[in-house]
Amino acid sequence: MLTSRLPIRVEPYRLAARAESLSGLMALDRFERLAAQVGAQSGDCQVWLDFGIDAQGRREIRGRLEAELQLPCRRCLEPMAQHVESEFLLGMVSSDALAAELPSTHEPVLVENEQLNLLEVVEDELILSLPQVVYHDEAHCRVSRDQLSSGEEAESSEPTPASPFEVLRHLKGKS
Ligand SMILES: [Zn+2]
């Protein structure tokens with residue numbers, strides 16, 4: 001279980017030269033592009049990053065992330081909890097031209113002034129790992145429930161949650 005925060009900016013060439021690993025949490029509410037796609041999120045994303053230099057001299061990052069997201073159900077648009085995780089292999093490049101030279105196994109990440117913005121990297125990977133569509137189970141989806149039953153029947157079939165006050169009254173009456 002990770003507890004520390006991942007830094008937002010790192011010097012990736014230096015980390016790769018030392019074959020360092022970074023792991024930590026990143027707050028999901030910092031990801032504005034993600035929020036624009038699937039709605040506001042809370043909680044943290046867990047991230048593990050291994051920096052290194054491969055046999056061809058490419059500076060790379062092997063990464064993994066995991067998060068619990070609230071994604072809108074395609075049928076009823078209510079958010080539903082969804083576990084998202086992904087593994088990725090990034091190749092560091094200093095220009096778009098160099099990105100084209102990377103093998104297809106690597107996703108390019110642009111390093112500018114020896115700096116890498118991990119917030120952008122993690123957000124990109126999180127967006128790429130989103131499932132195409134998510135649906136509630138039919139039994140739990142508001143839309144299919146409304147379609148299956150109609151009007152008053154739908155309401156009466158709902159179990160009415162017992163109010164804690166009623167339970168108390170009941171107990172008192174018994175004693
Ligand atoms: Zn639904």
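What number of residues within region 9-31 are exposed (fewer than 13 other Cβ atoms within 10 Å of the Cβ), touching a residue at least 40 places away in the same chain (Cβ under 8 Å) and not in a strand (DSSP E or B)?
1
Return only the number of the condition from (1) in contact (Cβ under 8 Å) with a residue 24 or more places away in the chain; (2) farther than 30 Å from residue 141 by Cα that residue 95 does not satisfy.
Of the numbered conditions (1) in contact (Cβ under 8 Å) with a residue 24 or more places away in the chain; (2) farther than 30 Å from residue 141 by Cα, the odd one out for residue 95 is (1).
List the pairs whose first member sits in region 130-151 and is modelled with pLDDT of 90 or more, whose second member is within 10 Å of the ligand (Cβ to nearest atom) and among the polar types (S, T, N, Q), and whose Cβ atoms are under 8 Å apart, counting only residues at least 6 apart or on separate chains?
Here the result reads 136/144, each pair linking region 130-151 to a residue that is within 10 Å of the ligand (Cβ to nearest atom) and among the polar types (S, T, N, Q).
Do we find that residue 81 is of a type in the set (A, V, I, L, M, F, W, C) and within 16 Å of the ligand (Cβ to nearest atom) in this structure?
yes
Checking the condition modelled with pLDDT of 95 or more and of a type outside the set (D, E, K, R), which residue from 110, 116, 98 passes?
The match here is 116.
If you check residue 86 against the conditions, is it surrounded by fewer than 16 Cβ atoms within 10 Å (Cβ to Cβ), at pLDDT below 95 and in contact with a Leu (Cβ under 9 Å, 6 or more places away or on another chain)?
no
When you scan region 41-58, how many residues do you find that are surrounded by fewer than 20 Cβ atoms within 10 Å (Cβ to Cβ), touching a residue at least 24 places away in the same chain (Cβ under 8 Å) and over 11 Å from the mean Cα position of the chain (by Cα)?
5
The values are calculated or read from the model by the stated rules, or taken from the named source; none is laboratory data. None of these values were measured; they are calculated from a predicted model. Glycine gets a Cβ as well: all are built from the backbone with ideal geometry, and neighbour counts include every protein chain shown.
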